[in-house]
Amino acid sequence: MDWLDPAWIETLRLSLFGQLLLATVLGGLVGLERELAGKPAGLRTNILICVGATLLMDVSISVASAATVGPADPGRIAAQVVSGIGFIGAGTILVERGSVVGLTTAATIWVVAAIGLAVGSHNYVEATGTTLLVVLTLFLLGWLEGFFFERRRESRLEIVLEPSDAALAVVAGLLKKHGVKVRPEKIEKQSDRYRVSYELHGAAKKRAAALNEVAAAEGVRKVTVH
């Protein structure tokens, strides 16, 4: 289409302030979904990452353009963003009681940084299109996952506990609190631990909420869902 002609896009080159505003909007759109989902890297985090990546990309291009001796690579500074964002992403991935959480948040942070780099390199259409795809993926596919997993109302839960009857009672209470029906399958009591297997029945959202609390409960060492 004519309105996507590269020459036309070039005439819309934004000033640095305009680029940062665009990065704020695009990062904010992704961050809003993360905020609504209750994730640790929410609105402010995603905005700051997108704005920072945009600024670094712009500085990288400016430094390369101003170089007077030999060829300069405008991607050198920007390349460090890709490496550095990995540390932030790794910080959002946690292993809790044998369960890994935060992978989607880490991937989102990585993509938001890429969006910021695209804005900083004047690829506004690509940055905007990518943002829309990311938001659509997070919202729509998240809903579809919930819809299909909602139909899977049965699962098997295995928990390793401290050797305490009180810990068993706490787990049972948490499951009941969220309206999840539980049928104990096996309880192995050993001197250093209890290993309990349950068959769970209930909506996927209820099970997920219950398991999050169970995994964080005192005395619970490991939670495995089959």
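The values are calculated or read from the model by the stated rules, or taken from the named source; none is laboratory data. These numbers come from a predicted model, not from an experiment. Ideal geometry is used to build each Cβ from the backbone, glycine not excepted, and the neighbour counts take in all protein chains shown.
Would the stretch 49-61 turn up any residue that is in a helix (DSSP H, G or I), touching a Pro at 6+ places or on another chain (Cβ under 8 Å) and at pLDDT 75 or above? It would help to see each step written out before you state the result.
Step one: list which residues in the stretch 49-61 are in a helix (DSSP H, G or I), which gives 49-61.
Of the ones still in play, those that are also touching a Pro at 6+ places or on another chain (Cβ under 8 Å) are 60-61.
Then drop every residue that is not at pLDDT 75 or above, which leaves 60-61.
Checked the stretch 49-61: at least one residue is in a helix (DSSP H, G or I), touching a Pro at 6+ places or on another chain (Cβ under 8 Å) and at pLDDT 75 or above.
Test Ala166 against the stated conditions and say whether it is surrounded by fewer than 16 Cβ atoms within 10 Å (Cβ to Cβ), part of a helix (DSSP H, G or I) and either modelled with pLDDT under 85 or not assigned by TED's automatic domain parsing to the domain that holds Arg76 (or both). Full working, then the answer.
Details: surrounded by fewer than 16 Cβ atoms within 10 Å (Cβ to Cβ): yes; part of a helix (DSSP H, G or I): yes; either modelled with pLDDT under 85 or not assigned by TED's automatic domain parsing to the domain that holds Arg76 (or both): yes.
Taking the combined requirement at face value, the residue satisfies it.
If Val25 satisfies all but one of (1) at pLDDT below 90; (2) within 15 Å of Val134 (Cβ to Cβ), what's the number of the condition it fails?
Result: Val25 fails condition (1) only.
Is one or more of the residues making up the stretch 171-191 over 25 Å from Trp143 (Cα atoms), in contact with a helix residue (DSSP H, G or I) (Cβ under 7 Å, 6 or more places away or on another chain) and in a helix (DSSP H, G or I)? Even if it seems obvious, please write down each step before you answer.
Initial filter on the stretch 171-191 (over 25 Å from Trp143 (Cα atoms)): 171-174, 176, 182-191.
Within this subset, residues satisfying the condition of being in contact with a helix residue (DSSP H, G or I) (Cβ under 7 Å, 6 or more places away or on another chain) are 171, 174, 182.
From what's left, in a helix (DSSP H, G or I): 171, 174.
Yes, some residue in the stretch 171-191 is over 25 Å from Trp143 (Cα atoms), in contact with a helix residue (DSSP H, G or I) (Cβ under 7 Å, 6 or more places away or on another chain) and in a helix (DSSP H, G or I).
Looking at (1) surrounded by 12 or more Cβ atoms within 10 Å (Cβ to Cβ); (2) modelled with pLDDT of 80 or more; (3) not aromatic (Phe, Trp, Tyr), find the lone condition where Ala208 falls short.
Checking Ala208 against (1) surrounded by 12 or more Cβ atoms within 10 Å (Cβ to Cβ); (2) modelled with pLDDT of 80 or more; (3) not aromatic (Phe, Trp, Tyr), the one that fails is (2).
Against the definition (modelled with pLDDT of 80 or more, surrounded by 13 or more Cβ atoms within 10 Å (Cβ to Cβ) and within 28 Å of the chain's Cα centre (by Cα)), how does Val196 come out, yes or no?
Numbers: modelled with pLDDT of 80 or more: yes; surrounded by 13 or more Cβ atoms within 10 Å (Cβ to Cβ): yes; within 28 Å of the chain's Cα centre (by Cα): no.
It is false that Val196 is modelled with pLDDT of 80 or more, surrounded by 13 or more Cβ atoms within 10 Å (Cβ to Cβ) and within 28 Å of the chain's Cα centre (by Cα).
Considering only residues of the stretch 192-203 that are outside any strand (DSSP E or B) and out of contact with any Leu (no Cβ under 8 Å at 6 or more places or on another chain), which is nearest to Arg156 (Cα to Cα)? Lay out the reasoning, then the answer.
Just the residues of the stretch 192-203 that are outside any strand (DSSP E or B), to begin with: 192-193, 202-203.
Then keep just the ones that are out of contact with any Leu (no Cβ under 8 Å at 6 or more places or on another chain); that gives 192, 202-203.
Working: Asp192: 23, Gly202: 12, Ala203: 14 Å.
The selected residue is Gly202.
When the residues of the stretch 181-191 are filtered to those that are in contact with a strand residue (DSSP E or B) (Cβ under 6 Å, 6 or more places away or on another chain) and over 12 Å from Arg156 (Cα atoms), which remaining residue is surrounded by the fewest Cβ atoms within 10 Å (Cβ to Cβ)?
Step by step, filter the stretch 181-191, then rank; the result is Glu188.
May I ask you to list the residues in the stretch 169-180 that are of a type in the set (A, V, I, L, M) and surrounded by 12 or more Cβ atoms within 10 Å (Cβ to Cβ)? Reasoning before the result, please.
Here is the first cut: in the stretch 169-180, the ones of a type in the set (A, V, I, L, M) are 169-172, 174-175, 180.
Listed by number, the residues that qualify are Val170, Val171, Ala172, Leu174, Leu175, Val180.
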